[in-house]
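The values are calculated or read from the model by the stated rules, or taken from the named source; none is laboratory data. Only a predicted model underlies this, so the values are computations on that prediction, with no experimental measurement involved. Here the Cβ positions follow ideal geometry from the backbone for every residue, glycine too, while neighbour counts run over all protein chains shown.
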Amino acid sequence: MELQKALLLVVLSLTAWTALALLVDRRGHAGIHRAFVLLLACLGVTQGYFYSRLLVPDGLHALGLAAQATLWLKGPLLWWMVRLAVGRAPRWRGLHLLPFVAALAVLAAWPVAGIGVQCLGALHALAYLAAALGALRGARPRLARIWRGHPNTSHYWLLWLVGGLLALVLADLVLVVLGQVRGALPPTAFAWVAWPISAWLLAVAWASLYRPPRFQRWRQDPAASGIGAPDVAAAPGQARQSADPAVQADPPPAPHAIAAGPDSPLPIGPAIPTAPGPRAWRELDESLALQLAGQLARLMDEQQLYRDGELSLPRLAGHLGISVHQASELLNVHLGTGFYDYLAQRRLDYACRLLRDPACEWRVIDIAFESGFGNKNSFYRQFRETFGVTPAEYRQRHQSGTAALA
């Protein structure tokens, strides 16, 4: 028993210390860190109850009630983390925690209602589980990009956390069903299930915080290239071939396509159409092209479409309300740049803003993902080709200059 007490104290201490470290760490995604902390708190309640059972018979009553009510918390937490993983942060998160508060109040007022609260909590968790699985299924391209192209980032470890929490919710549902079929289960049954999954989730939280170097493995998979398509580097100032073979870029490059030096951000603003050369036929006249160029610039500035790693030319055309051929013509003929080059310029500009911002302490690999690049290798290659330095050197140069001016 003394060994069990010591082990539980070590686990509780590690859980509390990891949660505190996640709260103060500014190098990762704040929303993901908050989700980690809530889950660790949920696990800490259960671990605290098991520890109290080693001190007094039946454990502390308040901790036992809270441990029972955590089933109402795991479903919303799973849904919240899945929404973060698929890139759609949930709104009104506090409302989803109200059922947990209500269940806790019911258990405190009527402890004999424990079985009913658990059954309703299982249905509640099952509904959130179905919603989470549906969201995961609809975001498979994004999840594959994170898994193959962005290991060791905040979102990569979030996927591991989602997997562990899925297992925990499923295990809780199985235990509730067994309790209804075979009668009340002993607390040791819950302990045997909770311990390995809790250890797994605690290890994932630690890895998300410290990012073990052994996970810095970047697959050279062409399908996971920097911008969602085969990454063929173009010479500075030279646009790639259009995705539409019927439309090719005219010789003069657009002014904004010229690579900037290491001390200057990319001069990306509202794109100004260039004067196209003689064409056999075109679908867009000059006035319409100018209007669409302004609409494209607004979409990129306001909605930051370039941060979507799955953005394709057909999807961009849908946002503009034009055909794929017209979108290709707008970029290649009127703006003098290819689709992938345009996205790369926008993404590099966003990454440079984050790197220059002294308040942004994100790791470079997280900046690469948040900017929309398919993987770290593509981000580093395009960054060095454009600026002549690595992202870390760029950040150090600009932030040291800012500190000197201050």
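Taken over segment 38-89, the criterion of being in contact (Cβ under 8 Å) with a residue 12 or more places away in the chain and β-branched (Val, Ile, Thr) is satisfied by VAL45, THR46, THR70, VAL82, VAL86. Going through GLN326, GLN291, GLN304 one at a time, which residue ends up being under 26 Å from ALA85 (Cβ atoms) and either outside the structural domain of VAL24 (by TED's automatic domain parsing) or of a type outside the set (Asp, Glu) (or both)? On inspection, the qualifying residue turns out to be GLN304.
Restricting the search to helices (runs of 4 or more DSSP H) fully inside segment 1-113 and requiring at least 3 residues that are modelled with pLDDT under 90 gives 2-24, 30-55, 61-69.
Among all positions in segment 25-33, there is no residue which is over 28 Å from the mean Cα position of the chain (by Cα) and in contact (Cβ under 8 Å) with a residue 60 or more places away in the chain.
Listed by position, the helices (runs of 4 or more DSSP H) contained in segment 129-215 that have at least 3 residues being among the polar types (S, T, N, Q) and closer than 29 Å to LEU8 by Cα are 187-210. When we screen ALA131, ALA189 for residues that are outside the structural domain of GLU370 (by TED's automatic domain parsing), surrounded by fewer than 17 Cβ atoms within 10 Å (Cβ to Cβ) and either closer than 30 Å to ARG307 by Cβ or within 18 Å of the chain's Cα centre (by Cα) (or both), the only hit is ALA131.
Somewhere in segment 147-160, is a residue out of contact with any helix residue (DSSP H, G or I) (no Cβ under 8 Å at 6 or more places or on another chain) and closer than 29 Å to LEU104 by Cα?
no
For GLU329, the conditions (1) surrounded by fewer than 23 Cβ atoms within 10 Å (Cβ to Cβ); (2) farther than 26 Å from PHE387 by Cβ; (3) touching a residue at least 12 places away in the same chain (Cβ under 8 Å) all hold with the exception of (1).
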